[in-house]
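This report refers to the structure that appears directly beneath it.
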Amino acid sequence: MQEQRADRRTMVVTFRQNPKKLMHPAGFSGDICSLDQKMELIDQSGIALCVLIDFSVKFSKMSGEDFVHLLAEAGAVESFVIGWNFAFGHGLQVRAAELPAVAGRYQATARLVDPVLVDGKPISSSRIRHCINQGKTDQALAMLGRPYALDVREYDFTGNGAGGRLLPVELPVLSIGNGSYKADVCTGKLVIADQVQVEADNSIRWSGKRAEHPETIVFYHKTDEHGTIE
């Protein structure tokens, strides 16, 4: 992150919903984190402001140049920071390498962040999603820099003294590969579960001494491909 000037604040511009979910739903595999989690992560990173855009078909028609102009003029943005392969605007017409020239037309600067590599390949949201979908949460951890935490606050919950079961009310934020995992079941206090089972219907079961509705399930790695929880 660039050093923050005393008279300027850092700001993240993001969307309430992933644009792919609206524009290309058939190819959208799910969000890596919920909106609440995203806001928490932005806050923890020390970002001062967040502009949260309600993406729509109408908004998708805005050109990349107009978007930069809007941020530079109405948002008083003086410096942009984006990933090396980022593209934006209608039809993704503005590529990362073009942003410095576009920003310069509005007296702003732009910096491109180089790719971060894991196992010799760039980290990307698509790669992280694929690992989680395949149950390779240990590989997702290596790319995220933290364990994958699934927000389950909106899941239906049933529990007893021997553990609990969660079932998504609708399609989950991001489907996790079936199997047994080493995971933490997190309520108000951290509960370590020896085993968490993800079923084919996206339900999640675990054994433990607590029967409260958890807030998140933190996945570390698979323990036994064929393990079950009675």
With the requirement that a residue be farther than 23 Å from Asn18 by Cβ, under 21 Å from the mean Cα position of the chain (by Cα) and of a type in the set (A, V, I, L, M), what does the stretch 86-117 give you? Leu117
Kindly evaluate Leu141 against the criterion of being within 22 Å of Ala183 (Cβ to Cβ) and outside any helix (DSSP H, G or I). no
Quick one: how many residues across the stretch 53-85 are within 20 Å of the chain's Cα centre (by Cα) and loosely packed, with under 14 Cβ neighbours inside 10 Å? 5
Matching residues, the stretch 68-91, being in a helix (DSSP H, G or I) and touching a residue at least 24 places away in the same chain (Cβ under 8 Å): Val68, His69, Leu71, Ala72, Glu73, His90
Residue identified as on the phi > 0 side of the Ramachandran plot and not aliphatic (A, V, I, L, M) among Gly64, Gly75, Gly46: Gly46
Which ones in the stretch 128-156 are over 16 Å from Ile32 (Cβ atoms) and surrounded by 16 or more Cβ atoms within 10 Å (Cβ to Cβ)? Tyr155
Which listed residue, of Ile32, Ile53, Ile132, is in contact with a strand residue (DSSP E or B) (Cβ under 7 Å, 6 or more places away or on another chain) and more than 30 Å from Thr223 (Cα to Cα): Ile53
Under the condition of being among the aliphatic types (A, V, I, L, M) and in contact with a Ser or Thr (Cβ under 7 Å, 6 or more places away or on another chain), which residue from the stretch 5-48 is surrounded by the most Cβ atoms within 10 Å (Cβ to Cβ)? Ile32
For the subset of the stretch 145-173 comprising residues that are in contact with an Asp or Glu (Cβ under 6 Å, 6 or more places away or on another chain) and under 29 Å from Ser45 (Cα atoms), which member is modelled with the lowest pLDDT? Val173
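The values are calculated or read from the model by the stated rules, or taken from the named source; none is laboratory data. All values derive from a computational prediction rather than experimental measurement. Because the Cβ atoms are built from the backbone with ideal geometry, glycine has one as well, and the counts that use them run over all protein chains shown.
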